[in-house]
């Protein structure tokens, strides 16, 4: 054989080697980020020194010196800045939880309503979505607040639900829960009941899958959830009292007061987010193939059974991921409460920034808290999503 | 055998039963199909009767639009006089009235500069678009800010109204696409460090509210630069909005990139295209086309989010509305002003969302079964 052995291919010059290139790029990127970061930090430190602002998180222990109009825990101006952050955080959490519950209810109703056979209801729900989705949330919040302040009655003419819940210009008044001696056991019984109910539901499902016999699951769960705390409540001698609001001559006394700002924020956030949830729900239901519903009716299931056993479980798979991001959006949008004067985390952070001038630390804490909220919500939703996701066999 | 089957005498066609066509049938099918439907229909009609007439009375029949002060208005109906008198402010903000022609000129220039993008025979659209993106901000600052050749200087803190809302949206939209494309490509990169940097930036920005990003831009940006540098409020807002919308755009575009089959990437490599060639010529044109509806939806979100700059002390459409509400001469006319501002936002967002729906139908990229 005269043919010479194939020559090994010439190695490309090192700057054409993809691996070398990618290492060079990454080193350059790190260098660039570090240089820019160092430049910015250097400037910031110089500027802060020039302005005479101290750095570090020591300010969190100093007394805050300002009051907050709605507090869920003990707080006044002698408490620390750190405590003020906590108050703001709890206020944000309260708005987020109330808003998410309300938005989900309205959103599902409107979303299902848009698919209604009833022309009038479908039109009404479409109008709702098309109007609310296309107006900025900030404008809606300010509008709701303005409207609320101008239409709410004076305390003497409160809107009342059975002498327990009052709504007037000073806000929404609900009974306050006052724990007496021995209340710990009662409060402990609630999570225990939830765990028991969950264990029971699990056991009942496994039993049904093994034996085919089903128990009246919903009723027994309800019995555990209500019965156990009720029994504890009676057995420990009624350790919890409700303090009701009384409408006095000038302003309402007692009870738990939620400001009109809170009401406006929750209403504004939930009607806005509901318009998005409605669209998510609608597309989720529409994503269910017609064949599924036809097959279910061919099996002889009733309309309500089709909805409960066939449509909803499949639709939830489509609904849950975008629903998560709407919940997150609502939580993040609750920071707009600052525009109507609700003391949420962002608004408290703004006040603290004005008092201390330590913008960098205040922004870092605020952003970290919102990030944490986001991570917790998405972690929970991912868990839920994985639970209901299609099991591919 | 001869068959003489008598010709079939057809009876005249009967009209369909009255209950299956025509308005009556429509009513029955759509409003009174079942007893439950009937009850619901009646409830909705009662609700509408309760809500709509007072609304119409307030907004139209008892409303006032004549006159020039709030004294002509009654509290039975809306007072559109405030909108009539302050219309200029709602559109141009505090921009000096004698210089408003400059804003109009700029609007005409923007529209004219977009026209070539729709000309079928223009080949170098990308190049042209990039050129516009570079030239336009310079032209805009020359015309709008002035201060040269006899043009009166108008500080950016006087800019406002719908004009400012549109300006911020345009800048945000224009900036978000390149930032978003770069971040999305970085997130899909094989280089772990580049990927980590992009993921961190995207997730942090998307995990916090826009208002904190704007707050950071307004409080911390001045600290980032050497003493003596000053950045006006509008620029700070524009930087904050651009970063924020870029991060959201990145996730939309990443969706498109992920939807492109692997074969396309491999084919591009096999053709010997470089990374940027294969992205620019093969992958991105397909990926962006796939996510056009998502991009338009991001634009809508961005347009609505511009209203948050009022918290930084800028007077966009909503900020101007708030200013009018606070002015003593129009005390108590807040609802009318907010309704007008809301209508302004609504028109733009609704138009964009209809456009996006039309595109979605045209491109068939929605979830169809």
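Read-outs: derived from the displayed coordinates by stated rules, not from any lab. As the structure is a prediction and not an experimental result, all values here were calculated from the model. All Cβ positions, glycine included, derive from the backbone under ideal geometry; neighbour counts span all protein chains shown.
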| task | State the antiparallel share, in %, of DSSP beta bridges confined to the protein assembly as shown, rounding to the nearest 5. | result | 85 percent
| Is the protein assembly as shown best put as rounded, prolate or oblate by its Cα gyration tensor, with a ≥ b ≥ c the root eigenvalues, rounded for a/c under 1.5, and otherwise prolate when a/b is larger than b/c, oblate when not? | rounded
| remark: With T = 4 °C, eta = 1.567 mPa s and Kirkwood Rh from C-alpha pairs, the Stokes-Einstein D of segment A:33-127 in µm²/s is about 71 µm²/s
| task | Just need log10 I(q)/I(0) for segment A:244-298 at q = 0.15, 0.19, 0.30 Å⁻¹, Debye formula, equal scatterers on the alpha-carbon atoms, no solvent, rounded to two decimals. | result | -0.67, -0.80, -1.06
| message | If I take every Cα pair under 8 Å that is 6 or more residues apart in chain B, average their sequence separation and divide by the length, what percent do I get for the relative contact order? | response | 17 percent
| message | Run the helix sum for the protein assembly as shown: -39,500 (n - 2.57) per DSSP H stretch of 4+ residues, divided by residue count, reported at 222 nm to the nearest 500 deg cm²/dmol. | response | -21000 deg cm²/dmol
| Sorted from fewest to most neighbouring beta carbons within 10 Å, what does the list B:123, B:84 look like? | B:123, B:84
| Which semi-axis lengths, in whole Å and largest first, follow from the square roots of five times the eigenvalues of the Cα gyration tensor of chain B? | 46, 39, 21
| query | Is the shape of chain A rounded, prolate or oblate, going by the alpha carbon gyration tensor and its root eigenvalues a ≥ b ≥ c, with a/c under 1.5 for rounded and a/b larger than b/c for prolate? | reply | oblate
| remark: What one gets for segment B:96-153 as the Kirkwood radius, inverse of mean 1/r over different Cα pairs in Å, is 12.7 Å
| said: Tell me the relative contact order for segment B:241-329 as a rounded percent, counting alpha carbon contacts under 8 Å between residues six or more apart. | reply: 30 percent
| field | Sorted by Cβ density within 10 Å, fewest first, the residues A:277, B:239, A:190 | value | A:190, B:239, A:277
| task | Please identify, among A:23, A:105, A:121, the residue showing maximal mean-square fluctuation in a Gaussian network model of chain A using a 10 angstrom Cα cutoff. | result | A:23
| note | Most exposed to least, judged by fewest other Cβ atoms within 10 Å, B:305, A:61, B:37 sort to A:61, B:37, B:305
| said: Compute a Gaussian network model of chain A, connecting alpha carbons closer than 10 Å, and tell me which residue from A:295, A:35, A:96 fluctuates the most. | reply: A:35
| task | Averaging sequence separations of C-alpha pairs under 8 Å and six or more residues apart, then dividing by the length of chain A, give the relative contact order as a whole percent. | result | 22 percent
| said: Which of A:269, A:371, A:228 ends up with the largest GNM mean-square fluctuation for chain A, with Cα atoms connected below 10 Å? | reply: A:228
